[in-house]
Amino acid sequence: MYSVAEAAELTGEKSSALRYWEEQFGLDIRRNPRGSRWYTAGDIRMFLCVCELKKKGLQLKEIREIIPILRTQAYAPEEQQRRERFYQILEQLMEKLRGKRQQEERYRRLDQAIRRHQIARKQIAVTEEQGRKKRKRNRQ
């Protein structure tokens with residue numbers, strides 16, 4: 001289940017466009033107990049189909065005529081199961097990628113901390129060396 005914001009991100013469309021399409025195409029979008037829209041993977045696929053049809057130059061009134069055909073013929077049960085499995089695998093891969101990205105961010109922050117520490121140590125060493133040279137000059 002996806003929120004309006006997530007569905008908008010997945011489809012690349014504004015959330016207002018998704019709500020408008022819902023109304024225009026008579027889509028039955030589920031709601032959570034608070035009344036917020038919750039889109040299924042099938043709803044997202046339907047929106048992606050609408051996006052593709054729009055890219056091909058079809059107008060909404062033409063797409064409205066195609067939507068019932070998409071609902072009945074585009075997704076045979078076995079095809080839908082295969083697609084659902086594909087999207088589950090895709091979601092798992094995306095989750096792993098997010099985890100790797102977070103781990104890389106941790107490593108990057110650690111590298112930065114080490115670099116700052118090394119720079120500070122060099123600055124301390126230079127300051128101490130300058131102090132030694134100054135004391136040596138003062139003794140002479």
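The values are calculated or read from the model by the stated rules, or taken from the named source; none is laboratory data. Predicted model only: the values in this text are computed from it and were never measured. Here the Cβ is made from the backbone with ideal geometry for all residues, glycine too, and neighbour counts use every protein chain on show. Accessible surface is based on the protein model in full, side chains and every heavy atom, while ligands, DNA and RNA are left aside. Shrake-Rupley method; radii C 1.70, N 1.55, O 1.52, S 1.80 Å.
What the table below lists for this structure:
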item	result
Cα-based helix-to-principal-axis angle, 15-25 vs the chain, degrees rounded to 10	10
For the chain: relative contact order, % (alpha-carbon pairs under 8 angstrom, 6 or more apart)	17
Length gained when the stretch Arg109-Leu27 is fully extended (0.36 nm per residue, less Cα-Cα span)	24.9 nm
Unit charges at the beta carbon, dipole of segment 31-140: most positive-side option, Phe47, Leu58, Leu90	Leu90
Net charge of Cβ neighbours under 13 Å - reference Leu90; Lys, Arg +1; Asp, Glu -1	+3
Within the accessible area of the chain (1.4 Å probe), percent carbon and sulfur	51
Rounded, prolate or oblate (a/c below 1.5 giving rounded, otherwise prolate when a/b exceeds b/c) for segment 1-105 by Cα gyration tensor	prolate
Net charge contributed by nearby residues that have their C-beta within less than 10 Å of Arg37 (K/R +1, D/E -1)	+1
Within a Gaussian network of the chain (alpha carbon springs, distance under 10 Å), most fluctuating of Arg121, Arg31, Arg64	Arg121
